[in-house]
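Asker: Dropping the structure in here first, questions after.
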Amino acid sequence: MEDLKKARIFEDAPIPKAVMTMSIPTILSSLVMVLYNLADTYFVGMLDNPIQNSAVTLAAPVLLAFNAVNNLFGVGSSSMMSRALGGKDLDTVRRSSAFGFYCALLCAILFSAGFTALRVPVLALLGADADTARATGEYLFWTVTCGAAPAILNVVMAYLVRAEGATLHASIGSMSGCALNIVLDPIFILPWGLDMGAAGAGLATFLSNCAACLYFFILLAFRRGRTCVCLRPAMARPRREIVKGVFGVGVPAAIQNLLNVTGMTVLNNFTSAYGAQAVAAMGISHKVSMVPMQVAMGFSQGIMPLVSYNYGSGNGRRMKDVFFYASRISLGIIATVSLCYYLFSQEVVTLFMKDPEIVAYGGRFLRGMCLGLPFLCMDFLAVGVFQACGFGKKALLFAILRKIVLEIPALIVLNWLFPLYGLAYAQCTAEVVLATAAIIVLAALFRDVEENSPLGR
């Protein structure tokens, strides 16, 4: 590992340079990831078949559940690694990476086996009916039964590589898989190719994740001796302090994502009562809204190593300055994109499907969703700081507030008050409250860190 170069980024580089160096590759890979998700929706949408498009939408909660494992061992291990780097404890860095990798592999295998054994009840839980069950099951065969391991390891290895400052390599790995998916989608999905429909989208996703994993394995083999990311099985042996550090951040992050799965499942079940067109429109609107959402996520993930390192080294002032600079830039970008979505909502939906009913539904859904995005940005950044500092309980509290206390009840109430269309405003309702809470909690956290850090005053 090039210790001096990385230390300069973490410790000495001007805040704008440090934030952008760490965040831009992450944002680019996040945006490419959105394109990868949108590609499935776009090319399946070209079939003008609401059932095939609904299959991709209904499968989303299962794929989102991957993020529970990603966050458990990706966020948990990377946070532990970066804090150990700040404390110059390289042995803990190596052991944390090995522990995270092999635990993620084991969970991926169990995930695949569990879904395969419980396929029928899972499809029913997702809201699939007699019309959509077959297409949804075919899509999930490739993405989960076959693809759980590469999908999870691809993301976890990106987290591990990013934790020691190699954000460019982390992004290249992620983007290589996404680019391949975009190329393969039309070949597998459309009539002029293999004409597999939603199943073809799943196969393309599986192969692209395999390619991304291959990149990371080759990278780590090539950088052997210059990286602290370690995949030796012997280094994965659990140690009390590592297990506690990884799970202390990772478990709350995983629960956060499982709550997101629950929220999406509830949303899809409510929407499915209005027909396949409504489900397809909700899916398109949600994925389009993920573009600015991923910008916020990119900044959050990008600054996490900076925040973790400076928290571990006791530089509270630099940690705070990193957060405020990232928040100003990301909020400006997201507010601009949200305004464009609001003004041109139907035109955006038309890019994916031409069906007049779907366009009408989707336009109204997208308007509701985009209103909450600036507030969601602040929530993402705050949770990223909590995870980076090892305050997993704070991150978990925000997740519980978002889904259980605010968003799911809002789905029920708003759907009752404004059937179907009220569903799109539930997230906005929740995020306004959470953004306010985030500002209050972060102010107290930064004040406490600065007062107790010798370098923070």
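FYI, it's all coordinate maths here, none of it is from the lab. Everything numeric in this text was worked out from a predicted model, so none of it was measured. Note: ideal-geometry Cβ built from the backbone for every residue, glycine included; neighbour counts use all protein chains shown.
Asker: Could you please report the charge total around Val249, scoring K, R as +1 and D, E as -1 over all other residues with beta-carbon less than 14 angstrom from its beta-carbon? Don't skip to the answer; put the middle values down first.
Answerer: On the way: positive: Arg83, Lys244, Lys393, Lys394; negative: Glu241.
The answer is +3.
Asker: Using helices alone, I'd like the mean residue ellipticity at 222 nm for the chain: each DSSP H run of four-plus residues gives -39500 (n - 2.57), total over residue count, nearest 500.
Answerer: -26500 deg cm²/dmol
Asker: Taking neighbour counts of Cβ atoms within 10 Å as a proxy for exposure, in what order, fewest first, do Asp40, Asp185, Asp448 appear?
Answerer: With the sparsest Cβ surroundings first, the list reads Asp448, Asp185, Asp40.
Asker: Hey, another quick one. For the charge dipole of the chain, defined by +1 on Lys and Arg C-beta atoms and -1 on Asp and Glu C-beta atoms about the Cα centroid, which residue among Leu85, Ala148, Ala221 has the Cα displaced farthest towards the positive pole?
Answerer: Positive-end residue among those listed: Leu85.
Asker: With label points built 7 Å along Cα→Cβ from the Cα atoms of Ile329 and Lys244, find their separation and express it in nm.
Answerer: Each label point is offset 7 Å from its Cα along the Cβ direction, giving 3.6 nm.
Asker: Another question, if that's okay. Taking a ≥ b ≥ c as the square roots of the eigenvalues of the Cα gyration tensor of segment 349-421, is the shape rounded (a/c under 1.5), prolate (a/b larger than b/c) or oblate?
Answerer: The shape class here is oblate.
Asker: A further question on this structure: Suppose the chain between Lys393 and Thr21 were pulled fully straight at 0.36 nm per residue; how much longer would it get relative to their current alpha carbon spacing?
Answerer: Going from the current span to full extension adds 131.0 nm.
Asker: Give the residues of segment 194-227 whose amide nitrogen is closer than 17 Å to a point set 7 Å from the Cα of Asp12 in the direction of its Cβ.
Answerer: none
Asker: Between Trp416 and Trp192, what is the spin-label point distance in nm, taking each point 7 Å from the Cα along the Cα→C-beta axis?
Answerer: About 5.1 nm, to one decimal.
Asker: What is the local net charge at Gln277, summed over the other residues whose Cβ is closer than 11 Å to its Cβ (Lys, Arg +1; Asp, Glu -1)?
Answerer: -2
Asker: Cβ under 12 Å from Tyr325's Cβ, Tyr325 left aside: what net charge do those residues give with Lys, Arg +1 and Asp, Glu -1?
Answerer: Neighbour charge sum, excluding Tyr325 itself: +3.
Asker: Helix by helix, which DSSP H runs in the chain go 24 Å or more along their axis at the Cα atoms and have an average Kyte-Doolittle hydropathy of -1.0 or more?
Answerer: Both cut-offs are met by 15-45, 50-69, 90-117, 167-189, 198-222, 240-272, 276-313, 316-343, 426-452.
Asker: According to a simple spin-label model (label point 7 Å from Cα along Cα-to-Cβ), what is the distance in nm between Asn269 and Arg447?
Answerer: Between Arg447 and Asn269, the label points sit 4.2 nm apart.
Asker: Could you please tell me the mean projected area of the C-alpha convex hull for segment 33-91, averaged over all directions and given in square nanometres to one decimal?
Answerer: One quarter of the hull surface, i.e. the mean projection, equals 5.2 nm².
Asker: Would you report the distance distribution of C-alpha pairs in the chain as whole percents per 10 angstrom bin, up to the bin with the largest distance?
Answerer: All Cα pairs considered, the percentages come to 5, 22, 32, 26, 12, 3, 0.
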